[in-house]
1. So D513 passes all but one of these: (1) farther than 30 Å from N240 by Cβ; (2) at pLDDT below 85; (3) not hydrophobic (A, V, I, L, M, F, W, C). Which condition number does it fail?
2. Can we say V269 is surrounded by fewer than 19 Cβ atoms within 10 Å (Cβ to Cβ) and of a type in the set (V, I, T)?
3. List, please: which pairs have Cβ atoms under 8 Å, are six or more places apart or on different chains, and start with a residue in segment 235-257 that is under 12 Å from S306 (Cα atoms) and end with one that is of a type in the set (G, A, S) and in a helix (DSSP H, G or I)?
4. Any residue that is of a type outside the set (S, T, Y) and assigned to a helix (DSSP H, G or I) - is there at least one of those in segment 301-311?
5. Of the residues R880, R861, only one is in a helix (DSSP H, G or I), at negative phi, free of Cβ contacts under 8 Å to residues at least 24 places away in the same chain and over 52 Å from the mean Cα position of the chain (by Cα); which?
6. Would you pick out the residues in segment 596-636 that are assigned to a helix (DSSP H, G or I), over 17 Å from L660 (Cα atoms) and open to solvent by 60 Å² or more (accessible area, probe 1.4 Å)?
7. Residue by residue through segment 172-203, note down the ones that are more than 30 Å from A686 (Cβ to Cβ) and open to solvent by 30 Å² or more (accessible area, probe 1.4 Å).
Amino acid sequence: MNPPSNIPAADRPPRPDAGDANDPLVESYRKLADVFHELLSEQSLDDLLNRIAHTVGELIPYDDITFYEADEAKRRLKAVYASGRDSEKVLADEPFSYGEGITGWAVEHREPVLANRAELDPRVRFVADTPPDPESLVVVPLVARGRLKGTLNIYRSGFQEFTEDEFLLAVRFGDAAALAVDNAHIRASLERQAQTDPLTGLWNHRAFHERLRQELVDASTDQSSVSLVMLDLDDFKRVNDVYSHATGDHVLSEVATILLSSVRSGDVVSRIGGEEFAIIAPASGLSDAFRLAERVQEQVALTEFSPVGPISVSIGIASGPEHAANPRELVACAEVAMMTAKARGKGQIVVFHEDGRERPVESLDSRRAEFRSIAHLKMLHGVSTKLSRLNDVAEIGATIADELRLLIDYHNCRVFVRDGEDLRPIAFRGDLTASGSAMEVLQTRVGEGVTGHVALTGEPFLTGDAANCGIGVRIPGTPRIEESLLAVPLRYGATVVGVIVVSKLGLDQFDSDDLRLLEVLAGHVSVALVNARLYDSQRREAESAKALLELTRELSAVTNLDGVLDQVVRGAARIMGSRRCSIWLPTHDGGLICRAAVGDAGYTALQGRFLPPDVVARFSTRGAPFVTTPEEATLLQRAAGADAAGLPHAVSFIPLDQGLAALAVATETAIRSRELELLAGIASQARLAITNAGSFATLERTFLSTVEALANALEAKDSYTSSHARWICDMSVEVGRALGLDAVHLKRVELGALFHDIGKIGIPASILMKPGPLTTEERSMIQRHPELGERILAPIDQLAAVRPIVRACHERFDGLGYPDGLRGDGIPLEARIIFACDAFHAMTTDRPYREALPVEEAFRRLVDAAGTQFDPRVVDVCLRVLKKPPPAEL
């Protein structure tokens, strides 16, 4: 079933704000808003589900609760969390399809379900080996950002039914739970990506060091050992140079597969750079590690790496804490052993020994090349460490440009990121003679010049003469110079996410080593850039979620429809960064009327404007938010008869029981898909708030019916008291308004005046109607009626703020009143107003024990008692209101 709602029609006159801040339903929604932040801050999915289950229990008592996870590809549901009597059976239950059972129906239709006596529902599906006992069920589909995440199922055993308010609260809570679950999934995915080598799927350099550090700590604690096996593919440079980098990548992936198939389940396999791999073997001695190395060598030797042919690996082994107690030293030991294996002829396995270092005989040139390679490796290691700590795109670009300058004495360096077909510079170092900002001058597009060519092809480009390379484009305002240029793509998988370009003055200044350095560096940078963009995207999502949460809190504090609509347009304008926003509610004939708008005077003039049904019908079929075209804006301008309607707007329809409402935000800049998704989220919150306002209006009507019932009971006891109370009620409200009281306090004045004599229900009629003077005992009984009235109202929570007013309605300003002897400002202002009005009406009305006084005499007695019996300020205003001539009749 759908959650019920009761929303006032768009063209119905709005009610005044009479909300009671202590209303229990409103308080429940405020508590719900308070837990949103806690849910969104949970890191672990398991912890999140526990937190959700606990929070639901605080809001809605239940016996059992289950979370089903949705597999959208297979369209199946599987229980991933359950608590209660049959939780083990629920978790062991086989996955079931969408549409199967009440839960499957809710998922299939994307609608929440309230099923009291669920065992009798024809859609019911019973978990295997569980009895078909009576129970009540609430199923809430968890949908976040348009994607189904699963369901939240809440159960009560026996004949305990859920109320409509509890059902609505569960549905609202489901929105927060769905967003929190989706955030947890995204967070886990990002954490995995940050620790994974994109080519092989193995743990990357950063994750390797973290795991090695932890395993060494565990080995030291448990008095055990951990072995480290380092592997390097022999002559792998030849594979890249002869067969291409794509072939080299294929070989690396196959080697990764071999390593994973050779290790134990508890071992950790990592790619820590280029063609170098590492295996962390916990609780493993050197002999075990040596046998592992032999298995790897055997499997590699048996594999035919087409088209390369057989390859070999050199392996070094070290053990901690025997050889080293910290990660860096243990890695150094294993690398020494691995280099010794290479020096012995490659394809060898060497266990680290303090005096076991061996090096091949090298020429001076080869030693210089090694020194250069070592410098490159150190630089790459340092850059990798720095990049792992950065999550800002501009900082990543600046770091790369600065680090490259330490090894390559470039003329200039620029780092670009790709946005669609645009290439936008994020860092520039060097000299540029063109006028204007370097970031503006260097911006280009895919396919244009050397930078655009590399972005388009995904291949590196090296030229010894940039001016005559054939594809170069000279930047306007720069002189023609002799310059060498090297550009490499930043690839993440098959996607080019950016380009690094470096140049040197002079011809033929770069060699293949420079190219390889930039290619390896590009691999690190591309991963860092993708992660930074993902982080930035999630940061924006978090900011949006925070803004929506703030809007939810603001809306939860408002209970009347006009207040809700005003908060919606103000909040939507703030979140969307616009100065103008309007909300339109459905009319009975299918049109729309603008009920609230924020912006300049011309825009707020939209309030009260109509859009006819035929115009609305042209847009209402669009399910997702959209931006109006110029032609559509012109149509809306003519239909509404207002220039402001002709502005381009981002529009999201809001489904209500009466029809479609519309939230429209004037667009001042280009609107992207993310902003439209955000607008959809705002519209969803607006729908909930409007529905809640309707529910509150229903509660208020029920409450006022209760008030009338109590007043009728008093009227049956004493007809004077009834007419007396009605007159005082109207007069007290007029006086309160003249004193400047707001809507909330005026409502308290009204209710206090209506109930100020309710305690007389408990006074015998013989005393109330006695024509002569009262005895001391009878007067004492009469003076008990304020306390009795307070006790009569005590069970009604909505009247909590009215009870002290009823109790104090006979307190004197000088402190000589009853029942508590309050004085001055210690008496509630509402009670002081009612007391003065009460006295005037009593003096000017016939009573059983005397006739009415003349009005002028009553005025005089009010003035005389000001400052003793009555508040002087209240008396002044009361006289002014009483002496005001009545409005002329039409």
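1. All conditions pass for D513, except number (1).
2. No, not satisfied.
3. Cβ pairs passing all conditions: V239/G248.
4. Yes - at least one qualifying residue is present in segment 301-311.
5. R861
6. Passing the criteria: A601, P630, E631.
7. A188, S189, L190, E191, R192, Q193, Q195, P198, L199, G201, W203 - these are the residues of segment 172-203 that are more than 30 Å from A686 (Cβ to Cβ) and open to solvent by 30 Å² or more (accessible area, probe 1.4 Å).
Yes/no matrix, rows are residues, columns are (1) farther than 22 Å from G274 by Cα; (2) open to solvent by 60 Å² or more (accessible area, probe 1.4 Å); (3) modelled with pLDDT of 75 or more; (4) of a type in the set (A, V, I, L, M):
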{"residue": "M379", "(1), (2), (3), (4)": "no, no, no, yes"}
{"residue": "V393", "(1), (2), (3), (4)": "yes, no, yes, yes"}
{"residue": "A398", "(1), (2), (3), (4)": "yes, no, yes, yes"}
{"residue": "E403", "(1), (2), (3), (4)": "no, no, yes, no"}
{"residue": "D409", "(1), (2), (3), (4)": "yes, yes, no, no"}
{"residue": "R414", "(1), (2), (3), (4)": "yes, no, yes, no"}
{"residue": "V417", "(1), (2), (3), (4)": "yes, no, yes, yes"}
{"residue": "P425", "(1), (2), (3), (4)": "yes, no, yes, no"}
{"residue": "G430", "(1), (2), (3), (4)": "yes, no, yes, no"}
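The values are calculated or read from the model by the stated rules, or taken from the named source; none is laboratory data. Everything quoted here is computed from the prediction, not taken from an experiment. Methodologically, a virtual Cβ is constructed for each residue, glycine included, from the backbone with ideal geometry; neighbour enumeration extends over all protein chains shown. Side chains included, ligands, DNA and RNA excluded: accessible areas come from the protein's heavy atoms. Shrake-Rupley method; radii C 1.70, N 1.55, O 1.52, S 1.80 Å.
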